[in-house]
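**Q** Mind having a look at this structure? Questions to follow.
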Amino acid sequence: MLLDILSKSKDATAVYDSADLHIRFVNQSMLALWGKNFSVKGKTIEDALPELHDQPFFDILKKIWQTGETYSATNTPASLMIDGELKTSFFDFEYRAILNEEGQTYAILHTSADVTQRVEAFKQVQEKQEHEELLHLKMTVANKNLSTANRELQTYNDSISRLNILLQESETDFKRLVQQAPVAILVFRGADMVIDIANHAMLEILNKDTSIIGKPLLQGLPEIEGATAVDMLFEVFNTGKALDGNEAPVPMMRDGVLETRYFNFSYRPLRDETGVVGVMDIAVDVTEQVLARKNLEDIIAEKTELAKTLRSSETRLQGILDTMAEGVGIIDANGQMVYANPMAQRILGLSEDEIKKRTYGDARWQNLRLDGSPLPDEEHPMAIMMRTGLASYDQEIAVQPPVGERMYISINSAPIFDERGTLTGGIGTFMDVTNRRKMMIQKDDFISVASHELKTPVTALKAALQLLERMKKDVNPNKFEKLLSQANKSLNKLSDLINSLLNSNRISQGRFPIHKTKFSIAELINECCQHVRTVGEHDIIFTGDLNLQITADEQLLDQVIVNLVNNAVKYAPKSREIKISVEELPNQVKVSVTDSGPGIPADKVKHIFERYYQADSDNRQFSGLGLGLYISAEIIHKHGGEIGVDSEPGNGSTFWFTLPLGE
Ligand code: ADP
């Protein structure tokens with residue numbers, strides 16, 4: 001700006017800006033006075049104008065530079081080399097030192113005017129008066145310009161120093177700001193990451209004091225070496241790229257113990273005109289949050305694992321309950337059934353829905369004592385358990401369902417207590433023991449039947465023997481023989497009964513071997529019927545192939561046929577004819593014994609081959625142990641055959657069996 005003004009000035013002007021008087025600026029007018037061109041610009045005045053060497057100007061200028069004074073002179077001669085000739089002219093000139101704030105010279109403003117003509121015309125002063133005044137005026141204007149320029153320079157200098165102050169102030173402000181910041185801030189400088197600033201919050205996080213300031217990071221905090229967060233810090237310094245970290249683990253020494261702490265941080269590079277000079281780290285300690293969350297995650301994981309285990313053990317338990325041979329029922333504190341496993345549903349013949357609706361004392365299901373009398377609710381094993389809080393085992397009761405046969409169940413009951421010891425319900429396991437109970441009843445019945453059956457021949461035998469005893473001296477041959485035959489008959493009956501019992505025992509234990517031979521079935525049947533023919537009350541009518549040979553255990557088969565024929569005689573006494581037929585079917589032979597007796601009701605037919613079963617057990621009209629058909633069935637089955645009965649009440653019965661023909 002200033003130089004611009006000067007360049008436009010018509011006055012010869014030059015500016016020197018060093019103690020060596022380098023020409024900083026020279027305008028065209030000055031060059032004309034000097035007889036030089038612009039190449040002098042940048043040279044020292046001594047180099048530019050060597051011809052002035054012996055003249056006083058250089059010394060005056062140097063002095064002015066030193067003293068900061070202004071020097072002016074008028075009508076001063078100076079010899080300058082112009083167009084190759086040393087020419088002396090007269091000048092009015094001024095050397096004005098320009099000072100900086102400190103009062104030191106930083107430039108000299110040189111203005112000059114060629115007054116040769118004035119001097120020459122001095123004598124003609126009057127004539128030249130106007131010209132001189134004009135010249136003077138110009139000088140004043142130039143001086144005015146100069147002082148304006150000086151003022152501007154001064155303003156410029158002031159601005160620079162003000163800026164410097166501001167810069168210093170802002171750095172102090174920055175440090176103060178950082179110190180008081182609520183977030184933790186670290187400022188590193190240099191490639192070694194020397195800790196330049198660490199504010200209170202940061203020192204607290206690091207658990208360090210101000211002694212770490214001025215130390216390289218890894219010297220101040222050696223324990224953090226190797227942490228990813230540290231590597232990232234160096235990366236920011238090296239690349240100049242900002243990086244952020246989230247929940248980064250950093251090993252830290254706290255009260256002598258190394259522990260992992262977690263930080264969210266942002267690293268920002270700090271630059272000056274030379275590039276990255278440091279890194280600013282703003283960090284937040286999130287250890288507590290991370291640990292709390294981890295703890296929560298651990299708890300959740302543990303709970304999930306627990307739930308999984310629980311689910312699998314529940315599934316396992318469910319599997320056990322589903323496949324258990326025992327019924328399991330759970331009742332609540334009111335006796336209401338809340339759970340029944342599939343077997344319980346099967347035993348009780350009820351769906352899950354129905355079971356849940358009923359209590360152990362459901363009126364539709366009549367609970368009975370074993371003797372058949374009604375079982376009061378309070379005597380139910382579950383009720384006793386709920387009342388006493390004590391478990392009980394194998395308590396048998398009878399249950400009469402609304403429809404169907406009476407059943408017997410054995411109940412184990414146990415109380416369920418909550419953690420405070422309050423009775424909240426009970427669990428009952430029960431088994432259908434109807435068969436067990438029936439078997440026991442049958443056994444009891446059988447014992448009384450067997451005792452009775454055995455007692456009859458024994459009584460007869462005893463009577464015959466007593467009579468014989470009395471007859472010892474007075475022997476009546478007729479009576480004697482009759483008594484003897486009666487005694488023998490009773491003994492045979494006894495022996496038959498005992499045999500049946502023994503056979504039944506052997507059969508039930510699976511101990512009866514079969515010895516097969518080949519024989520004529522017609523012949524065997526004939527022999528078996530001999531005793532019936534002898535008695536003569538029934539006609540035996542045989543149909544079938546007389547020559548048919550079968551392979552079987554002849555003795556066992558004899559037992560089967562005798563039993564069937566004897567039963568026909570016993571249970572159909574009025575049936576004159578007893579038909580026996582032998583049919584040859586593909587690969588097997590079927591033997592049938594048909595009477596025209598009373599027949600057997602359908603509901604009894606299905607039990608007729610069971611052990612101890614007697615169709616007329618209620619009136620006990622016929623003697624017997626209920627073992628004959630059971631033994632026969634076992635023998636036939638052991639031969640690989642089948643046994644059955646076709647009967648209709650009032651139309652007689654046909655008992656039949658088949659045998660494989662074999663080789
Ligand atoms: P037991 O004759 O010793 O009682 P069984 O096992 O031979 O035993 O017979 C079982 C039951 O079958 C008999 O009690 C009888 O009621 C019935 N029964 C057997 N055969 C006949 C038949 N031919 N007609 C009618 N009922 C019969």
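**Q** Distance from the Cα centre of region 547-595 to that of region 33-52, in angstrom?
**A** Spelled out, the Cα-based centre of one part sits 164 Å from the other.
**Q** Using a probe radius of 1.4 Å on heavy atoms only, what accessible surface per residue do you get for region 324-504? Whole Å² is fine.
**A** Working: 10910 Å² over 181 residues.
For region 324-504, the solvent-accessible area averages 60 Å² per residue.
**Q** List the residues, sorted by chain then number, that are 5 or more residues from PHE542 or on another chain and whose placed amide H is less than 5 Å from its amide H.
**A** ILE580
**Q** Convex hull volume of the Cα atoms in region 181-292, per residue, in Å³? Write out the running numbers ahead of the final one.
**A** Details: hull volume 10.5 nm³, N = 112.
For region 181-292, the hull spanned by Cα atoms encloses 94 Å³ per residue.
**Q** Something else about it: Helix by helix, which DSSP H runs in the chain go 18 Å or more along their axis at the Cα atoms and have an average Kyte-Doolittle hydropathy of 0.0 or more? It would help to have the intermediate numbers written out before the result.
**A** Values: long enough: 125-180 (81 Å, -0.87); 287-323 (53 Å, -0.54); 434-470 (53 Å, -0.32); 477-508 (46 Å, -0.56); 554-571 (25 Å, 0.27).
In the chain, the long hydrophobic H runs are 554-571.
**Q** So what is the accessible area of region 513-660 per residue, in Å², with the probe set to 1.4 Å? Don't skip to the answer; put the middle values down first.
**A** Working: 7420 Å² over 148 residues.
Accessible surface, normalised per residue, equals 50 Å².
**Q** First check a/c for region 483-556, with a ≥ b ≥ c the square roots of the eigenvalues of its C-alpha gyration tensor; if it is under 1.5, answer rounded, and if not, answer prolate when a/b is larger than b/c or oblate otherwise.
**A** Working: a/c = 2.90, a/b = 1.10, b/c = 2.63.
Judged from the Cα gyration tensor, region 483-556 comes out oblate (a/c at least 1.5, b/c at or above a/b).
**Q** Please compute the volume of the convex hull spanned by the alpha-carbon atoms of region 513-660 and report it per residue in Å³.
**A** On the way: hull volume 16.1 nm³, N = 148.
So the per-residue hull volume is 109 Å³.
**Q** Can you give the accessible area per residue of region 181-292, in Å², using a 1.4 Å probe? Present the calculation step by step, with values, prior to reporting the outcome.
**A** Working: 5580 Å² over 112 residues.
On a per-residue basis, region 181-292 sits at 50 Å².
**Q** Dipole of the chain, Cα-centred, from +1 at each Lys and Arg C-beta and -1 at each Asp and Glu C-beta, to the nearest 20 debye?
**A** Values: 70 positive and 94 negative charges, 829 e Å.
My answer is approximately 3980 debye.
**Q** Show which aspartates and glutamates lie in cross-link reach of LYS175 when reach means a straight Cα distance below 16 angstrom and same-chain residues fewer than eight apart are skipped.
**A** Within the straight-line limit of under 16 Å, LYS175 reaches these aspartates and glutamates: ASP196, ASP281.
**Q** Within the chain, what whole-number % of the accessible surface is contributed by carbon and sulfur, with the 1.4 Å probe and all protein chains included in the calculation?
**A** Values: 20810 of 38880 Å².
After summing per-atom areas, the C and S share lands at 54 percent.
**Q** What number, rounded to the nearest 500 deg cm²/dmol, is the helix-based mean residue ellipticity at 222 nm of the chain, given -39500 (n - 2.57) per DSSP H run of at least four residues and division by all its residues?
**A** Working: 20 runs with 287 residues, N = 663.
Rounded to the nearest 500, it is -14000 deg cm²/dmol.
**Q** Can you tell me the Rg and the Dmax, both Å, for the Cα atoms in the chain?
**A** That works out to 69.5, 226 Å for Rg and Dmax.
**Q** Taking amide H positions as placed in the peptide plane 1.01 Å from N, state which residues far from VAL433 in sequence (5 or more) or on other chains have amide H under 5 Å from it.
**A** TYR408, ILE409, SER410
The values are calculated or read from the model by the stated rules, or taken from the named source; none is laboratory data. Every value quoted in this text rests on a predicted model; they were computed, and no experiment measured them. Every residue, glycine among them, receives a Cβ derived from its backbone with ideal geometry; neighbour counts consider all protein chains shown. Remember, those area values only see protein heavy atoms, side chains included, never the ligands or the DNA or RNA. Shrake-Rupley method; radii C 1.70, N 1.55, O 1.52, S 1.80 Å.
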